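See structure below.
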Amino acid sequence: METFSSQIQKLIEELAALPGIGAKSAQRLAFYIINMPKENVTKLADTLVTVRNNIQYCKHCYNLTDSEVCPICGNGKRNHRVIMVVENPRDLAAYEKTGKFEGVYHVLHGAISPMLGIGPADIKLKELMVRLQEDVDEVIIATNSSLEGETTAMYISKLIKPTGIKVSRIASGVPVGGDLEYIDEVTLLRALEGRVEL
Ligand code: ZN
C-alpha cells in the first residue's frame with residue numbers, strides 16, 4: 001500500500017530526480033512545498049517555467065543567458081582578446097567569483113571523453129575556433145584536471161597552436177580530479193596566475 005496519495009508521491013519522485021536530493025530530502029521538500037502559501041508555490045512554479053523557456057546560450061561564449069549576448073560578453077570593459085575556456089557555466093561562475101579575471105569566456109558544455117563516447121564534435125569546440133578568427137591574444141584553457149579535462153586541453157592546444165595564438169593552461173594548483181566549482185577562490189586565482197604556456 002502506498003503511504004501517500006499518488007499526487008504527493010509524484011511530487012516526491014520528481015524532486016528526488018534532482019541532483020543531490022535523496023529520498024528523505026525529497027520528502028521534506030515536498031511537504032514544505034505543500035505547506036507553502038499557494039501564491040508562493042505559483043511564483044516558484046512560474047519562475048521555473050520562465051527560466052527554462054527564456055534561457056539560451058550566449059551567441060559568443062555559450063554561457064547561459066536570458067538575452068542574445070551574456071552580461072560578460074556585453075561588457076565593453078572586459079578584455080575580449082583573452083578567452084578562458086571552461087567546461088560548463090558552473091566553472092565560469094567559479095572564476096567570476098574571484099573577481100580577478102578581466103577577459104571573456106568560452107563554455108564548451110562538456111569535455112572530450114572517449115570512454116563516454118563524447119568526441120570533439122559533441123562540445124562547443126568548432127564554435128571556439130570560429131571565435132579565434134577574430135583578434136585574440138591568448139586562450140587560457142581552464143578545463144578540469146580530470147582525465148577528460150586534460151584530454152580536452154591537449155586537443156584544444158593542438159588545434160590552436162598552428163594559428164599562432166598564445167595558448168596556456170591553468171596551473172596544477174587545482175587538485176587532480178577536482179571539480180572547479182568546489183575549489184576555493186584563492187586556489188583558482190593561484191591556478192590562473194600560475195598558468196603555463198603550452
Ligand atoms: Zn557571452
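Got a number for residues in segment 114-125 being part of a helix (DSSP H, G or I), open to solvent by 10 Å² or more (accessible area, probe 1.4 Å) and either of a type outside the set (D, E, K, R) or not assigned by TED's automatic domain parsing to the domain that holds M154 (or both)?
The number of residues fulfilling the criteria is 5.
Name the residue that is most open to solvent (accessible area, probe 1.4 Å), counting only residues in segment 58-76 that are within 20 Å of G110 (Cα to Cα) and out of contact with any His (no Cβ under 8 Å at 6 or more places or on another chain).
That would be K59.
Check off (1) within 25 Å of T65 (Cβ to Cβ); (2) at pLDDT 90 or above; (3) in a helix (DSSP H, G or I); (4) open to solvent by less than 20 Å² (accessible area, probe 1.4 Å) for M129 and give me the number that stays unchecked.
(4)
Got a number for residues in segment 31-75 being in contact with a Cys (Cβ under 9 Å, 6 or more places away or on another chain), farther than 19 Å from D91 by Cβ and more than 8 Å from the ligand (Cβ to nearest atom)?
Within segment 31-75, residues that are in contact with a Cys (Cβ under 9 Å, 6 or more places away or on another chain), farther than 19 Å from D91 by Cβ and more than 8 Å from the ligand (Cβ to nearest atom) number 2.
Please specify each residue of segment 1-46 satisfying the condition of being polar (S, T, N, Q) and either at pLDDT 95 or above or surrounded by 12 or more Cβ atoms within 10 Å (Cβ to Cβ) (or both).
Q9, S25, Q27, N35, N40, T42
When you scan segment 1-53, how many residues do you find that are under 24 Å from D66 (Cα atoms) and of a type in the set (D, E, K, R)?
Number of matching residues: 3.
The values are calculated or read from the model by the stated rules, or taken from the named source; none is laboratory data. This one's a predicted model, so the numbers in the text were calculated from it and none came from an experiment. Don't worry about glycine lacking a Cβ; one is built from the backbone with ideal geometry, like all the others, and counts go over all protein chains shown. We work out accessible area using only protein heavy atoms, side chains counted, and drop any ligands, DNA or RNA first. Shrake-Rupley method; radii C 1.70, N 1.55, O 1.52, S 1.80 Å.
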